[in-house]
Amino acid sequence: MLSFDKVNVTIAGVHVLRQLSFTIAHGATCALIGHNGAGKTTTVRTIMGFTEMTGGLTFNAENLAKVPPHLRPGLGIGYAPEDRRLFSAFTVEENVLLPARVGKLSAAETARRLERAYMVMPELKELAPRPAGSVSGGQGKMVALGRALMLGTKFVILDEPFQGLAPVLAQRYAEALRRLRAHDPDIAILITESNPKLLEAFADTTLTIERGEILSTKKRDGASHIMAAPAASHTGDRT
């Protein structure tokens with residue numbers, strides 16, 4: 001589904017991604033693990049078209065490098081950034097609906113996808129009328145996931161989704177991902193994380209990245225789409 005082939009990214013003269021190569025299969029859950037500054041966020045930003053890159057990047061056999069950033073979500077790619085980036089003056093539901101409106105989805109399709117987001121996260125429906133600026137950081141992560149699901153029909157990228165979450169909210173987030181997987185078994189999911197232990201039982205494949213290079217690829221024995229709830233993480237990565 002998604003393939004990096006010797007991708008290089010340089011930012012402000014610093015070589016951040018170095019000959020990065022890996023593939024995420026259709027319907028797979030993949031964890032991208034690395035320390036702060038390893039290149040995790042740069043990797044997901046490259047998928048979304050927010051960096052200048054060389055090398056090969058394809059999505060469903062299409063040359064993604066030739067697709068402008070504003071058109072990539074229309075391919076079925078949803079992205080929940082680590083910092084959430086909510087519009088505080090909008091309600092929670094308005095934040096969730098924003099990608100559908102920008103993408104000019106029909107009213108019927110928008111309603112269908114909103115119902116899907118509420119099915120995955122029932123508590124999001126309860127928060128719907130509240131101003132986004134009034135929700136907690138953990139609730140904001142849920143809103144960001146709901147927003148990503150409005151366009152992420154084939155592939156969802158979650159950048160440090162468990163970072164800073166209290167254990168109870170981490171459990172709820174994991175439950176939401178289990179419901180998403182049960183509802184959409186064909187969707188591919190990429191999750192970045194700093195803690196190598198956090199997603200061991202959560203991902204089919206674990207990629208370890210360091211200094212912008214994939215050091216190892218580990219497939220979980222008997223990998224399935226059943227996810228265990230992780231503990232909370234308190235580290236972040238903005239590189």
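What follows is calculated from the coordinates using simple rules that are stated; it is not laboratory data. Predicted model only: the values in this text are computed from it and were never measured. Heads up, the Cβs are rebuilt from the backbone with ideal geometry, glycines too, and the neighbour counts pull from every protein chain shown.
Please rank His35, His26, fewest neighbouring Cβ atoms within 10 Å first, as an exposure proxy.
Details: His35 17, His26 12.
The most exposed by this proxy come first: His26, His35.
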Checklist entry - If we count other beta carbons within 10 Å of each Cβ, what is the order of Leu86, Leu124, fewest first? => result Leu86, Leu124
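When DSSP beta bridges are limited to those with both residues in the chain, what percentage is antiparallel, rounded to the nearest 5?
Of all bridge pairs located within the chain, approximately 55 percent are antiparallel.
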Checklist entry - Taking the Cα centre of the chain as the origin and placing charges on Cβ (Lys, Arg +1; Asp, Glu -1), which of Ala182, His15, Ala65 is farthest toward the positive end of the dipole? => result Ala65
Checklist entry - Using a Gaussian network for the chain with springs between C-alpha atoms less than 10 Å apart, which of these wobbles most: Leu32, Leu169, Leu105? => result Leu105
Checklist entry - Okay, helix-only estimate at 222 nm for the chain: each DSSP H run of n ≥ 4 adds -39500 (n - 2.57), divide by all residues, round to 500 deg cm²/dmol; what do you get? => result -9000 deg cm²/dmol
Item to check | Debye intensity ratio I(q)/I(0), log10, the chain, q values 0.08, 0.09, 0.10 Å⁻¹ (C-alpha model) | outcome: -0.27, -0.34, -0.43
Next on the checklist: Only four residue types carry charge here, +1 at the Cβ of Lys and Arg and -1 at the Cβ of Asp and Glu. Report the dipole size of segment 1-108 about the Cα centre in Debye, rounded to the nearest 20.
Outcome noted: 120 debye
Checklist entry - Lys125: which lysines have alpha carbons under 20 Å from its alpha carbon, excluding same-chain residues fewer than 8 sequence positions away? => result Lys141
Next on the checklist: To make sure I understand, if each residue's beta carbon is the centre and we count other beta carbons within 10 Å, what order do Glu123, Glu82, Glu193 fall in, fewest to most?
Outcome noted: Glu123, Glu82, Glu193
